[in-house]
Amino acid sequence: LDGHRSRSQTIDLGVQERRTVSLAPPVPILGSLQLNSNPIEAQVFIDGVLAGETPLIMNDVLAGEHAVIIEKKGYHSFETSVRIQEGKTEMVSADLGSIFMARIYSRPKGARLSINGEEVGITPYEKELTAGNYHISMSRIGRDTYDETVHLDMSEPELRVTLKRHLLEPSDLYFSVG
């Protein structure tokens with residue numbers, strides 16, 4: 001049985017002798033688990049079972065591999081696995097990061113949009129993101145390219161950019177004489 005120390009008992013029986021024997025249950029091998037999250041009061045699930053809210057200290061956890069999920073409404077979920085060892089405390093810390101609806105606009109609309117180097121679509125654009133810094137690139141034919149790192153979060157969920165007309169340089173013009 002996983003997470004338990006087996007027991008054995010030797011019994012000598014005669015040739016035709018029968019006995020009913022009660023064996024002691026296996027001894028569990030236990031460790032501890034300490035769980036923290038930012039923000040606090042997130043729900044903790046161990047192997048799919050609700051175990052409580054963070055911060056949480058769980059003593060007498062069976063040794064072995066366990067699936068951990070920490071979640072709170074309005075935040076990203078955190079999933080990991082942890083290996084509990086006999087007599088030791090394993091620690092799990094989760095930064096859940098708040099989720100908000102980011103909105104990115106360009107004037108004129110219809111600019112190609114990349115976030116952190118990945119092309120994601122055309123403006124206007126909406127997507128659930130976590131608070132943080134994002135490298136935003138927008139381009140549109142005939143307009144200057146926007147290429148900046150910006151901070152987006154619940155308090156500043158929108159980015160509005162005016163793409164200026166691209167002024168032609170003499171080197172941008174090509175003539176063909178035919």
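Return the pair list, or none, for Cβ contacts closer than 7 Å from residues in the stretch 70-86 that are farther than 18 Å from T54 by Cβ to residues that are of a type in the set (V, I, T) and surrounded by 12 or more Cβ atoms within 10 Å (Cβ to Cβ), at least 6 apart or on different chains. From the stretch 70-86, the pairs are E86/I29. The residue of the stretch 135-157 that is most open to solvent (accessible area, probe 1.4 Å), among those that are over 23 Å from L96 (Cβ atoms) and hydrophobic (A, V, I, L, M, F, W, C), is I141.
What residue, among those in the stretch 45-99 that are among the acidic types (D, E) and in a strand (DSSP E or B), is surrounded by the fewest Cβ atoms within 10 Å (Cβ to Cβ)?
Step one: list which residues in the stretch 45-99 are among the acidic types (D, E), which gives 47, 53, 60, 65, 71, 79, 86, 90, 95.
Checking the rest, the ones that are also in a strand (DSSP E or B) come to 53, 60, 65, 71, 79, 90, 95.
Details: E53: 15, D60: 9, E65: 11, E71: 16, E79: 12, E90: 17, D95: 13.
Among residues in the stretch 45-99 that are among the acidic types (D, E) and in a strand (DSSP E or B), the one surrounded by the fewest Cβ atoms within 10 Å (Cβ to Cβ) is D60.
Scanning the stretch 33-44 for residues that are farther than 24 Å from L129 by Cα and open to solvent by less than 50 Å² (accessible area, probe 1.4 Å) yields L33, L35. Checked against the criterion of being in a loop (DSSP other than H, G, I, E, B) and at pLDDT 95 or above, the stretch 27-41 has at least one qualifying residue. Quick one: is R112 within 30 Å of R165 (Cβ to Cβ) and touching a residue at least 40 places away in the same chain (Cβ under 8 Å)? No, not satisfied. The number of residues in the stretch 36-77 being over 15 Å from the mean Cα position of the chain (by Cα) and among the hydrophobic types (A, V, I, L, M, F, W, C) comes to 11. Checked against (1) in a strand (DSSP E or B); (2) over 30 Å from K164 (Cα atoms); (3) open to solvent by less than 70 Å² (accessible area, probe 1.4 Å), S106 passes all but a single condition, namely (2). When the stretch 109-134 is filtered for residues that are open to solvent by less than 70 Å² (accessible area, probe 1.4 Å), part of a loop (DSSP other than H, G, I, E, B) and not small (G, A, S), only T123 remains.
The values are calculated or read from the model by the stated rules, or taken from the named source; none is laboratory data. Computed from a prediction, not measured in an experiment: that's the story for all the values here. Here the Cβ is made from the backbone with ideal geometry for all residues, glycine too, and neighbour counts use every protein chain on show. Areas reflect the complete protein model, heavy atoms only, side chains present, ligands, DNA and RNA absent. Shrake-Rupley method; radii C 1.70, N 1.55, O 1.52, S 1.80 Å.
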